[in-house]
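*Asks:* Structure incoming, see below.
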Amino acid sequence: MSEIRTHLGSLKPKAYLEHLIRIGCTYEVDEAGVRGLVHGKKALFITSRGGNYASGSPFGEDHQEPYLRTIFGSFGIQDVEFVNVNNLVLGDREKSMLAAQASLQTLAAHW
């Protein structure tokens, strides 16, 4: 059985995020607005994509990165990195995998 998908993305990551979004635990709201409660942390997302959703690509706008940056930013996590394995269906799969591995090695050296 395949996973159900919506225009908002996969339901499994959405359910996971709903467990993280907890007022009083990861953020709080007061008269000044939203204030993150998670400090001194980093986030790394490794994604796989059938095409390329970077700006200027045929598929255009990437909604995933801004969405996750906004959520984790509201927690107080500003250091958010992405390694996207693009073009797994519509491009050179091997080239994409090698590029992602190189990005991960660079990140690991400075993490």
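*Asks:* Helix hunt in the chain: which complete DSSP H runs extend at least 15 Å axially by C-alpha with mean Kyte-Doolittle at least -1.0?
*Replies:* 64-75, 93-110
*Asks:* Mind checking which lysines have their Cα closer than 28 Å to the Cα of Lys41? Skip sequence neighbours fewer than 8 apart in that chain.
*Replies:* Lys12, Lys14
*Asks:* For a footprinting-style exposure proxy, rank Ile46, Ile77 by other Cβ within 10 Å, fewest first.
*Replies:* Sorted ascending by nearby Cβ count, the order is Ile46, Ile77.
*Asks:* Among [x] 7.2; [y] 9.1; [z] 13.2, find the value of mean projected area of the Cα convex hull in nm² that was calculated from the structure presented, and write down its label.
*Replies:* Of the labelled values, this structure produces [y].
*Asks:* Okay, moving on. Using +1 on the beta carbon of Lys and Arg, -1 on that of Asp and Glu, and nothing else charged, what's the dipole of region 5-110 about the Cα centre, debye to 20?
*Replies:* Dipole size: approximately 320 debye.
*Asks:* Also, I was wondering about something else. Please order Phe75, Phe45 by the number of other Cβ within 10 Å, starting at the fewest.
*Replies:* Going from sparsest to densest Cβ surroundings: Phe45, Phe75.
*Asks:* Can you tell which of Gly51, Gly33, Gly76 shows the greatest fluctuation in a Gaussian network model of the chain with Cα springs below 10 Å?
*Replies:* Gly33
Coordinate-derived values only; no laboratory data. In this text, all values refer to a predicted model and were calculated from it rather than measured experimentally. All Cβ positions, even for glycine, are placed from backbone atoms using ideal geometry, and neighbour counts span all protein chains on display.
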